[in-house]
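Reviewing the structure listed below.
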Amino acid sequence: MGHNTSRLSPQERAAKSVLCGRLSAGSEETWRPLGVDGADEVAKYDALHDDVPEWMAPRFWAWIRESISVIRAYPDGSGRFPMLDEALAEEMAQTLRITLPDLRSGERSSRAGQIQLQSAMAALMKHSQPLQIVDYLLAHDGNAKAEVLDVLLERSKSAWEVGTRAGRPGLVRRVPLGVQVAADAIMARAGQAGFASRRLGRSCMASSRTRALPTRLRSRRWRMLPSLSCRRPTTGRRWAQC
């Protein structure tokens, strides 16, 4: 018996598309850690994270440190060492409203660079929205590789990925927020997880086409990544801003 999708809202249809993708991935023997076998465990493990989870944090901050670093050389050519990209760090701090001490240094040495970077990182790590930092660095030619960050975000199950925002490289949602919320809500129904998965699986196979995910709204001018307080769905417009 077919499954009628005409009664579903646009977000529910998009959520179904996301879940179909998850089930399809599972049917292709996607590797997961030992013990992550049941529908509930898979749903919990595959859930996307809005913030910076603790297992992602070390490499996340290391990427930021590399991005704000620039390699200098001793005047006599005897060696090379990292120092703070002062202009990049200052402009970012002013834009994101981060209190950064005066870190300009007239000395070029490994020791001076280490002091600069340690002080800068201490200030940046106090920022309440760390994702804004990487978004800014992506958009303003930071010195670390974007693909390295993208792999880290994907492996750590981040809700964000490297894409294009306001015409520049930046963070974009891996799945639109409203769709993610709807999909997670469906998968979170632990009492009916098995039944829901089987029913959804039949529905996925019955449909050879899936609707495209809603197109993100973009502006031409770069703006900082909105505060993650917008992750709680309130209106369609709020979702678009995320």
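Every read-out reported here was derived from the displayed coordinates using simple, explicitly stated rules and does not represent laboratory data. Predicted, not measured: the structure shown is a model, and the values here were computed from it. Quick reminder, even Gly has a Cβ in these numbers, built from the backbone with ideal geometry, and neighbours come from all protein chains shown.
Couple of notes before you dig in:
- Fraction of the pair-distance distribution of region 57-173 above 20 Å, Cα-Cα pairs, percent: 42
- Cut-off 18 Å, label 7 Å out along Cα→Cβ of Ser78, residues of region 101-117 by amide N: 107-114
- Each of Tyr136, Tyr74 has some number of other Cβ atoms within 10 Å of its Cβ, and from fewest to most they run Tyr74, Tyr136.
- Point-charge dipole on Cβ atoms (K/R +1, D/E -1) for region 57-173, about Cα centre, debye to 20: 280
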